[in-house]
Each structure stands twice: as C-alpha cells, then as structure tokens.
C-alpha cells in the first residue's frame, strides 16, 4: 500500500503538539489517495506522547533511533527520513523551526521539490494539490506537486488535530547513522512556559501605541490571564526600535501566525503587519484611532485608550477563569 | 576568505499584490522591487567576515530575469566585489530547480569558505534554496542564523526555535542562512553606488531543469468578514468579552 510519511517532532524526548497536526494532514492526504500513514519520530528512544499518534490517524508509529538523534541533528535526520521515504508517495513535515530546516534537506536528498508552509492540501485526479500563502499571505498560490515522493511542510496551527483512530502500532528501528556534521550544542530556553507566537493559540501583540518598552507589561499581564495559552507578539516598528526581540515580530519580515485569537494593541495595521496575522481565526483590535487600518481586518474593534482598556480586559479574563 | 552570497530580487513588503493576466503570477506593474531583506543580512555578514579576515572576495549571485542586475548592483554598492546573474525568464516555482542551477555555478566557481543566503525570500516564503544547495554541494548548513561566531574553522551559530534558542556548531566551509538580528545591514553610500557601476557583473544565461511544482493559480486571500466596532473605552470591555464567548466562542 502507498505510504504517506508524517515527520513528527520531539524536543527533550517529548512529542511536540504540532506532530498531531502533521499526522492529521497526512491522514487527510492518505484518505484522498487511498494510502496509509506512517508517523516517523526521530530520537534517541521513543518519545513520550508518540503512542497517541494512532488516535490522529497513524497506521503505525516508527521511531528511528541513532546515537546523536536525541536533539535535532539536521544531517542525520535528513538522511534517515530520505532513506525511509524511498517508495513513499508523500512526505509531510511541519513548517516549524525544525521542519523549515529539515524539509528542504529531505527534498534535495530525494532530488525533488518542496511545497513549504502549506495551509490546505487535497488530491485532484490522483495528484496532490496544495495551497500556500505567498507574499506573506497577500495571495494564495495553488500548486500541483508531481514529485515522487512529494514533499511538503504544513503551517502550524492550521491543520486542527482530528481524532481518527487507527492501529498506531509502534515500532523502533535503529538506523546506522550519526548526527552528522551539524550538531546542537545547547538549547537556551526562554523563560519557563513561554510560548512562541507562531504556535500559541492566543497572541497579544503590541505596537508603537504602547509608547515605551516597559508598557508591554500590561500585555504580558493579559497574556498571563489566559493561563499559559497566550504569547506576546510585536509589530515591526517596536522590534526595529529594540523594544522587543525579533522572535516576537509578527508580519512579513517576522512570523506569520494563525492563532485562534489575535489581539492587536496599539498597532495601526501596516500592510506588512496585516500580512502576518490575517489568517488568525478571530481578530480583536484596540486602538485610539478609529480610522486605523487594523479595524478593517478586525472582527471586533475597541476604540480608546489602551492603557484603560487592556487592564480592564485582563481583569475580565481573570474573572472568567 | 572567499565568500558567496546568494540573493533575490523581491517586491517591496509594502506592495499591494495583484494577480497578473495569466492568473498565476504577480502583476508587477508599478511594483517596487528590492533586495530581499533577509539577503541584506547575508550581504552584510559576508562583508563583515571578509573585513575581519583582512582579505578575500565577496561574490554576489542571483537567479532570475535581467532586472536582477539592478539588485546585484545594490549588493555591490554595499561593498561586494563582483556579481553573477544566472539569467532566466523567471524564478521557477520549484526551489529545487533554482538550487540545482545555483549549486552548479557555485561548484564551478568554488571552492568557497562560506556561502550565505537569506533565511527566506519575502515573496515565496520557501526558505528552501539555501539548505538544498548545501545538500547538493555536500556542505554543512545552519539555517536562520541570528548570531554568528567563527573561530578558526569552527562555526557557532544561534538559531531561534519555538520558545528557545538553539546553539549549533559546524565546521567551515559551510552554508549559512541569515535571520534578522545577526547584524545591522549598512546602507550603500554614494561612493559605493558609484564604485558599484564599475564592478564586474557577469550575466550568464542558464537553462533550468524541469521542476515538480506547477502553479495552478494565484488568488487573493479570502476577504475577512466585515468586523464591528464594539464600543469606545474600557466600558466596552464586558461586551467584547461577551462577544468573544458567545459569538466567536474563543474564550
């Protein structure tokens, strides 16, 4: 039977949530093509949580182990997946920091192209068709993938995990590979529990309207009120001014995000910012200028002084918990 | 130190995107094109590395239509020594096709101590050509580098991952793709702009391999449903919370 490989991710031996999205996307492709899903995890041992991949539609879960596979090993992982992908119809990765690095390497090793950052995937007449945002979401490109296998990476937070129970039989295969020439020496973690804007279900972003860096505290308070589900983002203007790190920047030269809830605070809504967040499911804008372009994309707008509105919103969210 | 920087000409990030008559590509009428912002970091890093080494050459390489010459001149004005344009009708939608052409040129013109790319182009958002070229040249590669230290032949690079920073090590020669934060790109000074006009720029017509990614259509994103102004000031917060709970069902 034709195989769809779902390349999953673990960090510190724990499966990352995006893996269930990758398996969900792979299952969708497998159903359209009449294929089976093999979830691939690379690590030093089976990752905790990989037994759940069957419930999202993996027919089997294969852990490829090697010395040096505990942390992300770009070359070793690429070789291992490319080897495993021979004969497979499709290789599905996540468009995460790791997947963005890994997917092109896999494609090149297989001598084929890549559709990166895909937001929709279907099969049309046996061929794989993917939709991917280009120009930072100002347009959508519909592409046909004729590679054998086809390689694609899925944008995080778009393929909502769906329960599709399959056997999920687990298997561990030791592969005779090393980490390769590029090795991770250290992972400097951000503060405990900090979520990345690209992955958080709720993003609270601030712009120049915050007036000074210290005032981002009120956005952090609002994020905390959501109990670990929210991350604080920033507009390009405040990142360029050095108020916030580039990792937090949302927009065409930052991250594109698709959270369930996006709250834009004191952000006027330059086209390059809108490009990075317009696929959010619900957008709330808080701005003192009622004519700010951000209100054109916002589902709900609040006009007024953010220094009064945000604390009131924080209190209201806290009272819901 | 011999360094290659691979760059791309892209529409400015303020561009309002319109689909061309073919239904598949950008209508470039009135569009301002720039050196891809992530590639500016690549050019700057290459120049700094050469300056640090005290000797060497920075060669800028681009693939695309004839207008790519203008973008190469921008990098030459920043201080790169010479440019090569691999001239094609257009940039193919399949990154592997681009990667093959660039890898072939780099192979012919090498060996290189360093090959830089921007971490991605802000038009196609692929971020694939750099690591693909590394695979084709069998060179170690670190992508999305936001901090770089090179001591002797050892590269130590920071790359941002979700909620953390990965510190990655490899040896030279290597392919590195640059992220924002690695440096502050210089602006070309008038003197540099004048000098750039006289620097060598080699235009080579290249035939591209067939790809496996076919563009079917390019469409505008679905319009967002018209939103509403809930109210003014903090007094509107309870109504906002009610709407988020009951109408949007996100709380």
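Place the peptides B:119-131, A:32-44 in order of packing, highest mean first, counting for every residue the other Cβ atoms within 10 Å and averaging per peptide. All intermediate terms of the calculation are to be shown ahead of the outcome.
Working: B:119-131: 26.0, A:32-44: 22.1.
Packing proxy ranking, top to bottom: B:119-131, A:32-44.
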May I ask you to sort B:218, B:132, B:194, B:1 by Cβ crowding, counting other Cβ atoms within 10 Å and putting the fewest first?
-> B:194, B:1, B:218, B:132
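Exposure proxy check: A:295, B:41 ranked by fewest other beta carbons within 10 Å?
Working: A:295 22, B:41 26.
Lowest count first: A:295, B:41.
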What span do the alpha-carbon atoms of chain A cover on each of the three principal axes, reported in whole Å from largest to smallest?
-> 60, 43, 37
How big is the antiparallel share of DSSP beta bridges in chain A, given as a percent to the nearest 5?
-> 20 percent
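Restricting to Cα atoms and excluding each atom paired with itself, what does the Kirkwood estimate give for segment A:140-222 in Å?
Values: mean 1/r = 0.0521 Å⁻¹.
Evaluated over segment A:140-222, this radius sits at 19.2 Å.
Considering every residue in A:113-123, what mean count of other chain Cβ atoms within 10 Å of its Cβ is obtained?
On the way: counts 15, 11, 7, 7, 5, 0, 1, 0, 0, 0, 0.
Average neighbour count from other chains, rounded to a whole number: 4.
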Estimated 222 nm signal from helices in chain A, with DSSP H stretches of n ≥ 4 weighted -39500 (n - 2.57), rounded to 500 | -7500 deg cm²/dmol
Based solely on its DSSP helices, what 222 nm [θ] is calculated for chain B when runs of n ≥ 4 H residues each add -39,500 (n - 2.57) and the sum is averaged over all residues, nearest 500 deg cm²/dmol?
-> -8500 deg cm²/dmol
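Rounded to whole Å and ordered largest first, report the semi-axes of the equivalent ellipsoid of segment A:3-174 derived from its Cα gyration tensor (root of 5λ). Don't jump to the answer; show the numbers that get you there.
Working: eigenvalues 104, 60, 46 Å².
Three semi-axes, in Å: 23, 17, 15.
Per residue of B:130-140, how many C-beta atoms from partner chains lie within 10 Å of its own C-beta, taken as a mean? Present the calculation step by step, with values, prior to reporting the outcome.
Details: counts 2, 12, 9, 2, 6, 13, 3, 0, 2, 2, 6.
Mean number of neighbouring Cβ atoms from other chains: 5.
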In vacuo Debye scattering of segment A:9-71, one point per C-alpha: log10 I(q)/I(0) at q = 0.21, 0.30 Å⁻¹?
-> -0.75, -1.23
Could you work out the relative contact order of chain A, using alpha carbon pairs under 8 angstrom and six or more residues apart, expressed as a whole percent?
-> 15 percent
antiparallel share of DSSP beta bridges within the protein assembly as shown, to nearest 5, in %, is 35 percent
Using all Cα-Cα distances in the protein assembly as shown, what percent lands in each 20 angstrom bin from 0 up to the longest?
-> 21, 55, 23, 1
Over chain B, one equal point on each Cα, no solvent: what is log10 I(q)/I(0) by the Debye formula at q = 0.14, 0.15 Å⁻¹?
-> -0.93, -1.03
Using a 10 Å cut-off on Cβ to Cβ distances, tally the other chain neighbours for every residue of A:74-80 and report the average as a whole number.
-> 3
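Rank the residues A:93, B:141 as a footprinting-exposure proxy: fewest other Cβ atoms within 10 Å of their Cβ go first. Before the final figure, lay out the partial values.
Working: A:93 32, B:141 27.
Neighbour counts put them in this order, fewest first: B:141, A:93.
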To the nearest 10 degrees, the tilt of helix A:97-109 (Cα long axis) against the first principal axis of the alpha carbons of chain A is 40 degrees
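Since every read-out is calculated from the coordinates, none of them should be taken as a lab result. Worth saying up front: this structure is predicted, and the values here are computed from it rather than measured. Quick reminder, even Gly has a Cβ in these numbers, built from the backbone with ideal geometry, and neighbours come from all protein chains shown.
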